[in-house]
Amino acid sequence: MGWHIQEGGKTVFYDGRGDQISKERYYVNLLRLHKRIHDFYLDGGDIYSANILYVRIKDLETRHLVHEYEQASSFDLWIRIKLNKLLKFYTRYGTDPARAIIISLWVIFAFALFYLISDFKKVIRVKKERRRFRTVSVNVLVALLNAYVLSLNAFVTLGFGEIPTKGVARYVTIIEGFVGWFLLTLFSVALISQSSF
């Protein structure tokens, strides 16, 4: 999506790619063109097409921010670029809340595996009995369930309940709590933006 412009005696197709993003006037006009078409689809009830255009608008914005960062780097621009990239990955800029749920489940599962591995010595510790294999299997299942519950509690920032954390896992649960709080906030924003259409 773009338009033809006369530049230096020749016709150039401007679509914001490459170094074209550096031309501020053309960049702003390209954003306006995308916004008009986005609004047209939105007014017509075609949310799918409106979302595609919204993602394109945000991609243009991210490319423009990267160009600005290359010209005059600042911490503020760096944070904005990284947040835009995270938003694109996690919710496609707020247009796909289902993607956020799937990624959140994978994050919870990955932290649960970490907790299980960090507590693995306790899992395989078994008293010498006749039914050793059965006891180990039950211990593994209980440990897996405990690791998942701990991960879920930390992710949704409920707390740990009856499951104690020790060593490195204690600090990782704090990190997971922050990640969970942040990702759940992004999910809420994505869900609200979808319901506002």
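The values are calculated or read from the model by the stated rules, or taken from the named source; none is laboratory data. Since this is a predicted model, take the numbers as computed values, not measurements. So basically every Cβ, Gly included, is an ideal-geometry build from the backbone, and we count neighbours across all protein chains shown. Just so you know, the surface numbers come from the protein's heavy atoms only, side chains and all, with ligands and any DNA or RNA stripped out. Shrake-Rupley method; radii C 1.70, N 1.55, O 1.52, S 1.80 Å.
In table form, for the structure just shown:
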item	result
All positions within segment 115-159 that are at pLDDT below 60 and open to solvent by less than 70 Å² (accessible area, probe 1.4 Å)	Val123, Val126, Thr135, Val136
Residues being open to solvent by 40 Å² or more (accessible area, probe 1.4 Å), at pLDDT 85 or above and acidic (Asp, Glu) - total across segment 20-64	4
Filter result for Phe89 (on the phi < 0 side of the Ramachandran plot, in a helix (DSSP H, G or I), out of contact with any strand residue (DSSP E or B) (no Cβ under 8 Å at 6 or more places or on another chain) and surrounded by 13 or more Cβ atoms within 10 Å (Cβ to Cβ))	no
Some residue of segment 94-103 being out of contact with any helix residue (DSSP H, G or I) (no Cβ under 9 Å at 6 or more places or on another chain) and in contact (Cβ under 8 Å) with a residue 12 or more places away in the chain	no
Single match in Asp96, Asp76, Asp59 (criterion: within 17 Å of Phe187 (Cα to Cα), over 10 Å from the mean Cα position of the chain (by Cα) and of a type in the set (Asp, Glu))	Asp96
